[in-house]
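Everything on this sheet refers to the single structure shown next.
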Amino acid sequence: MSKNTFTIYLDFDGTVVEHAYPEIGAPNPGSIEVVRKLQQAGHTVILNTYRADIDLLSLEAAIHYLENKDHQLQPLHGVEPLKIHPPDWNWDAFMESKVIYIDDTCSGTPLTRNISLPYGFMVDWKVLDQWFSDQGVY
């Protein structure tokens, strides 16, 4: 377990999956594996998505996706009832507050091109995985 435990606010569209709202987009490679590592390291993962602001059925679809038994994730620690807009990516601030936002709209979050869509970007989980390892998050 990590010596520092964090609250992780996890976005969904453009982060865990490609943007396809109201549908569930194509899986973002590495997202589930890194979220699993974060949970196994003892961090609290909370879903923080605009789906909560917009539509209960699409929110439930995102929760169902994350809680799919094939993903082998622990249950989420909750869902923000309204999306918290993430601050810029800043390790020093995250370490001080013990809160990390993983969100494609968070300036400074590593991004990669979408795979299924011919346009746009999503969170680069390969880079995040390395950053979390380097920073001792897990």
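Some values worked out for this structure:
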item	result
The lone exception for GLU96 - which of (1) surrounded by 13 or more Cβ atoms within 10 Å (Cβ to Cβ); (2) within 19 Å of GLN135 (Cβ to Cβ) it fails	(1)
All positions within the stretch 112-132 that are farther than 18 Å from THR49 by Cα and either touching a helix residue (DSSP H, G or I) at 6+ places or on another chain (Cβ under 9 Å) or basic (Lys, Arg) (or both)	THR112, ARG113, LYS126, LEU128, ASP129, TRP131, PHE132
Within the stretch 1-32, tally of residues that are among the charged types (D, E, K, R) and surrounded by 15 or more Cβ atoms within 10 Å (Cβ to Cβ)	3
Residue in the stretch 51-58 that is crowded, with 17+ Cβ neighbours inside 10 Å and in contact with a Gly (Cβ under 6 Å, 6 or more places away or on another chain) present	no
Selection from the stretch 104-119 of residues that are of a type in the set (Gly, Ala, Ser), more than 22 Å from ILE84 (Cβ to Cβ) and at pLDDT 95 or above	none
Contacts under 6 angstrom Cβ, first residue in the stretch 106-127 being among the acidic types (Asp, Glu), partner in a strand (DSSP E or B), 6 or more apart	ASP124/LEU111; ASP124/THR112
Among the residues listed as ASP104, ASP129, the single one being surrounded by 15 or more Cβ atoms within 10 Å (Cβ to Cβ) and in contact with a strand residue (DSSP E or B) (Cβ under 6 Å, 6 or more places away or on another chain)	ASP104
Test: residue in the stretch 103-111 that is out of contact with any helix residue (DSSP H, G or I) (no Cβ under 7 Å at 6 or more places or on another chain) and either in a strand (DSSP E or B) or over 22 Å from HIS43 (Cα atoms) (or both)	yes
Those residues of the stretch 117-126 which are more than 15 Å from the chain's Cα centre (by Cα) and surrounded by 12 or more Cβ atoms within 10 Å (Cβ to Cβ), in sequence order	LEU117, GLY120
All positions within the stretch 94-127 that are under 16 Å from THR7 (Cβ atoms) and of a type outside the set (Val, Ile, Thr)	PHE94, MET95, GLU96, SER97, LYS98, TYR101, ASP103, CYS106
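The values are calculated or read from the model by the stated rules, or taken from the named source; none is laboratory data. Just so you know, these numbers come straight off a predicted model, no measurement behind them. Glycine gets a Cβ as well: all are built from the backbone with ideal geometry, and neighbour counts include every protein chain shown.
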